[in-house]
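Worksheet: the structure to be examined is printed underneath.
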Amino acid sequence: MNKVAVDFENSDIGSVFIYTHEAHPGENYPHLTSMDQKFRHAEALRDVYGVTRRILLDALNGACHRHFGSMPNMTWIFNRSGIPVYKSDWSDSHSVRNALEYYLEIPNRRKAGERLAPFHVERLDYRNQERELFYESLERNGPKAVAEFQKAFPSG
């Protein structure tokens, strides 16, 4: 997602990462109990995963996360009027790139004389599961995170 943000920044498209909470808390990154702790976890996220986009912190009670659907790794794209034009329950750079390219082409289509009207579409996209990276993250969070995940998803 960092590369997508860089590739589209000259098109006046901004990108932020909203840090909500630890999906799989463990001994090293436990359940969040204060904004100071949340800030430290967000800094670690930035440093460990190399997040170069601006990171915003959700409220400790997760108000923003709940408002936008509570999925673990969502992406939303809003137009200049604040209208959502893309919503995904998982962040995938290929899907986001495809959507941004599509929406950036709309002004050119209108200039070419096309009369465009909005419509709603739903599609099934595919993402790389990145299993090794996921398990490294679980281990980084601590043995508790690994054990709880294995208990919840035995075939994981």
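Taking each DSSP H run with n ≥ 4 as -39500 (n - 2.57) and averaging over every residue of the chain yields -13000 deg cm²/dmol at 222 nm. Close amide H contacts of residue 86 (hydrogens built in the peptide plane, cut-off under 5 Å, sequence separation of 5 or more or a different chain): 77.
Here the extension length gained between residue 87 and residue 56 equals 9.3 nm, from 0.36 nm per residue of separation less the Cα-Cα distance. Restricting segment 54-156 to trypsin sites (Lys or Arg not before Pro) that sit in a DSSP loop and have at most 12 other Cβ atoms within 10 Å of their own Cβ leaves 80, 115, 123. Applying 0.36 nm per residue to the separation of residue 66 and residue 46 and subtracting their alpha-carbon distance, the gain on full extension is 4.9 nm. Set against the labelled values [x] 1.09; [y] 1.37; [z] 1.21, Cα Rg over 2.2 N^0.38 Å computed from this structure falls on [z]. Around residue 19, under 15 Å between beta carbons, what's the net of Lys plus Arg minus Asp minus Glu among the other residues? With Lys, Arg at +1 and Asp, Glu at -1, the neighbours total +1. Enter the Cα centre distance for the pair segment 1-27 and segment 109-149, rounded to the nearest angstrom. Using only Cα atoms to place each centre, the spacing works out to 12 Å. The longest part of the chain holding none of the exposed loop GluC sites (Glu not before Pro), meaning those outside H, G, I, E and B in DSSP with at most 10 other Cβ atoms within 10 Å, is 28-113. Taking 20 Å as the straight-line reach from the Cα of residue 144, the lysines in range (excluding those fewer than 8 positions away in the same chain) are 38.
Computed from the coordinates by the stated procedures, all read-outs in this text should not be read as laboratory data. Quick caveat, the model's predicted, so the values are computed rather than measured. Neighbour counts are summed over all protein chains in view; Cβ atoms, including those assigned to glycine, are modelled from backbone coordinates with ideal geometry.
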